[in-house]
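Data block below; observations after.
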Amino acid sequence: MPPRQRKPADQPGASSPQELQDILWKSADKLRGRIDAAEYKEIFLGLFFLKYASDLFEEHRSALEQRLLAAGVDADRLVEFVEAPGQYTRTQTVWVPERARWSSIAANARTQGLGARLDDAMDAIMRENTPLAGALPKVFTRVGDDEQLADLMNLIGDARFGDAGTDRPQDVPAEAYEYFLDNFAGQEGKKGGDFYTPHSVTRLVVELLEPYEGRVYDPACGSGGMLVEASRFVERYRGGDHRATTSVHGQECNERTWRLAKMNLAVHGIEGDLGARWDDTLAYDRHPGLKAEFVLAQPPFNIKDWARDENDPRWVYGVPPRHNADYAWLQHVIFKLGERGTACVVLANGSLFRGRDEAEIRRALIEDDLVACIVALPPQLFRSTAIPACLWVLARNRSSHSSPYRKGQILFIDASGLGVMVDRTWRNLDGTDVARIAGTYRAWRGASRAGQASLAYRDEPGFCVSADLARVREQGYVLTPGRYVGTGHGEDAVLETGPAKHTALTKDLYGLFD
């Protein structure tokens with residue numbers, strides 16, 4: 001599909017989301033196949049951020065000049081005021097030093113040493129903006145082809161971010177940033193899953209938790225999508241002026257992905273704490289004193305040979321096996337929950353029924369009434385794996401919540417038949433699917449939004465059922481929703497014939513092996 005007609009260079013205002021996508025994806029195409037995929041993503045998104053930060057800085061600077069002139073400030077003193085970093089950082093605008101501004105670099109892009117100037121620009125911005133410390137990529141000198149970088153800057157230069165005439169100037173660049181994260185994840189296939197959770201899954205997790213206020217924590221934050229969506233949730237239902245009622249915290253073990261997350265939060269105008277550096281959460285908790293009201297996570301599925309300390313205080317319900325870290329993640333999440341905290345964790349389906357050490361931990365979690373809801377997700381939601389996945393919703397002190405959870409009961413939702421195929425390998429949950437799942441859960445727990453929407457919970461054979469602990473005990477503490485809702489999708493279901501059933505059983509078998 002050819003790019004849409006661009007705005008003339010002298011036309012004011014930000015590019016539309018589609019214009020940005022057309023312009024910038026063409027820019028990204030120039031690097032494909034010439035540079036290592038992971039580095040190519042960093043180079044492109046680093047330049048994206050530099051252009052975005054420079055455009056918003058220049059816009060803020062121009063508006064500040066106009067206000068000062070209108071207030072009678074002498075023109076000779078303007079520079080003194082408009083070059084003061086505090087004028088920008090207190091409004092969460094990135095302060096861009098003069099040598100790091102896009103216009104300054106682009107004007108000399110065809111001269112030698114462009115890669116070094118770009119690395120220096122990233123370094124200068126990080127030094128002047130504490131929340132961005134360590135976040136921006138300094139990889140441009142390694143490209144070794146200044147002409148190629150100049151061509152790329154020329155293309156990206158056609159994009160215009162920000163518009164003083166809009167109420168939410170960050171929406172367009174934020175949408176564009178997410179668009180590219182999604183596309184890069186699609187290109188990288190399995191590796192893309194290491195940094196990106198599909199937006200439909202992220203949206204569902206946040207809608208289940210409803211993090212209106214308090215501390216939100218993601219111990220495996222990837223590129224920060226769940227933290228961003230939590231902040232957006234508050235904006236959607238409480239307004240942008242209430243976003244300060246939540247604080248976001250995260251940790252990521254991969255250096256490059258940690259940088260993507262910090263840029264992602266900055267593009268969305270979110271002040272978040274992702275730790276002083278990247279690190280393996282299971283080995284070293286970067287937020288040791290944090291107790292959160294909401295924890296959301298999609299940790300890596302079925303991690304083997306992880307760094308296990310059998311005396312770790314997080315293993316309250318049993319020492320997780322060395323061959324699979326799923327129950328280490330679950331217990332870490334529980335350990336980080338505040339007194340009335342709730343959590344939603346995306347795990348492989350095998351976590352619902354695997355035996356031995358994991359079965360004992362699962363039994364202990366259930367008997368302690370921590371498991372509020374289990375959702376079986378449809379297959380092929382994740383680009384990184386075909387293994388079926390599920391959601392664990394956990395809650396502490398369930399009877400003490402303002403909308404009390406049903407104490408001694410677990411809601412089982414089998415959503416494995418929902419979603420639409422976007423292409424032959426990838427499925428997506430649309431807004432109707434997300435609303436159905438989240439609405440069922442809210443109605444079950446008596447949440448205020450359910451009351452406002454006149455939603456009343458009732459069991460729906462084949463889709464949802466509320467089971468008491470006695471019934472779960474009868475099932476040997478296996479949590480596969482198919483056992484309870486009556487679809488026959490459990491791992492021990494009566495064998496049906498046909499290729500669809502064969503595929504489902506094969507995936508469950510892969511989950512057991514993994």
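Observations on the model:
- The convex hull built on the alpha-carbon positions of the stretch 285-441 has an orientation-averaged projected area of 9.9 nm².
- Taking every protein chain into account, the accessible area of the stretch 278-364 amounts to 39 square angstrom per residue (probe 1.4 Å).
- Glu360-Ala244 FRET efficiency (beta carbon distance; Förster radius 35 Å; 0.05 resolution): 0.25
- Diffusion coefficient, µm² s⁻¹, Stokes-Einstein with Kirkwood Rh over alpha-carbon pairs of the stretch 55-157 at 25 °C and 0.890 mPa s: 164
- The H on the amide N of Gly214, modeled in the peptide plane, is under 5 Å from the matching H of Thr246, Ser247, each at least 5 residues off or on a different chain.
- Remark: the stretch 265-420 carries a charge dipole of roughly 300 debye about the Cα centre, counting +1 on each Lys and Arg Cβ and -1 on each Asp and Glu Cβ.
- Once all protein chains are placed together, Tyr405 keeps about 10 Å² accessible to a 1.4 angstrom probe.
- As a fraction of the 1.4 Å probe accessible area of the stretch 204-294, surface on carbon and sulfur atoms comes out at 46 percent.
- Exposure ranking of Asp151, Asp305 by accessible area [1.4 Å probe, largest first]: Asp305, Asp151
- Each Lys or Arg adds one and each Asp or Glu subtracts one; over the other residues with Cβ under 13 Å from the Cβ of Ser200, this totals -2.
- One decimal place: the segment Glu128-Ala435 gains 106.3 nm when fully extended, by the rule 0.36 nm per residue minus the C-alpha distance.
- Potential extension, Asn154-Glu213 segment - 0.36 nm per residue separation minus Cα distance: 17.0 nm
- Pairwise FRET efficiency - Arg340 versus Arg458, Cβ, R0 = 35 Å, nearest 0.05: 0.85
- Scoring 47-60, 87-100 by mean Cβ neighbours within 10 Å over their residues and listing the highest first yields 47-60, 87-100.
- Charge tally in the Cβ shell below 11 Å around Val295, where Lys, Arg are +1 and Asp, Glu are -1, Val295 excluded: +2
- Burial order of peptide ranges 109-116, 316-323, 255-262 (average beta-carbon count within 10 Å, highest first): 255-262, 316-323, 109-116
- With R₀ set to 56 Å, the beta-carbon distance separating Met421 from Ala307 gives a calculated FRET efficiency near 0.90.
- For the pair Ser62 and Asn254, the difference between a 0.36 nm per residue extended length and the Cα-Cα distance amounts to 65.3 nm.
- Measuring nothing but protein heavy atoms, the accessible surface of the stretch 385-447 at 1.4 Å probe radius is 48 percent carbon and sulfur.
- Percentage relative contact order, the stretch 330-445, counting C-alpha pairs under 8 Å, at least six apart: 27
- Packing-based ranking of 420-428, 119-127 yields 119-127, 420-428, ordered from highest to lowest mean Cβ neighbour count within 10 Å.
The values are calculated or read from the model by the stated rules, or taken from the named source; none is laboratory data. Keep in mind that this is a model prediction, so the values were computed, not measured. Glycine also receives a Cβ, built like all others from the backbone with ideal geometry; neighbour counts cover every protein chain displayed. The protein model used for the area step is the full one, side chains on, heavy atoms only, and it has no ligands, DNA or RNA in it. Shrake-Rupley method; radii C 1.70, N 1.55, O 1.52, S 1.80 Å.
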